[in-house]
Amino acid sequence: MEEKINQNVADRFTRVFISAIFMLSASYLRMSTFLSWALATVGLYLMLTGLSGFCPVYHIFKINTKSKFK
């Protein structure tokens, strides 16, 4: 079975950190409804890809930031 993780630890941590900022901003800052939903959606995408370690965009473009060495 092929491993599906295509992100390294730093990439994953950065995604989770930025997603938290986006989702908190969408929740607490006064802005238009569209911008709030856009931030929340991008934040959710970043959170899911950061936690899972798999990015569909990386997969499409054949990008792999995970080290080949263990």
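The values are calculated or read from the model by the stated rules, or taken from the named source; none is laboratory data. Worth saying up front: this structure is predicted, and the values here are computed from it rather than measured. Here Cβ is always computed from backbone atoms with ideal geometry, including for glycine, and neighbour counts include all displayed protein chains. We work out accessible area using only protein heavy atoms, side chains counted, and drop any ligands, DNA or RNA first. Shrake-Rupley method; radii C 1.70, N 1.55, O 1.52, S 1.80 Å.
Observations on the model:
- Annotation: of all residues in region 36-51 being more than 14 Å from K4 (Cα to Cα) and of a type in the set (V, I, T), the one that is surrounded by the most Cβ atoms within 10 Å (Cβ to Cβ) is V42.
- Flag for S25 being open to solvent by less than 70 Å² (accessible area, probe 1.4 Å), assigned to a helix (DSSP H, G or I) and free of Cβ contacts under 8 Å to residues at least 12 places away in the same chain: no
- Meets criteria (among the hydrophobic types (A, V, I, L, M, F, W, C), surrounded by 12 or more Cβ atoms within 10 Å (Cβ to Cβ) and touching a Gly at 6+ places or on another chain (Cβ under 8 Å)) for F54: no
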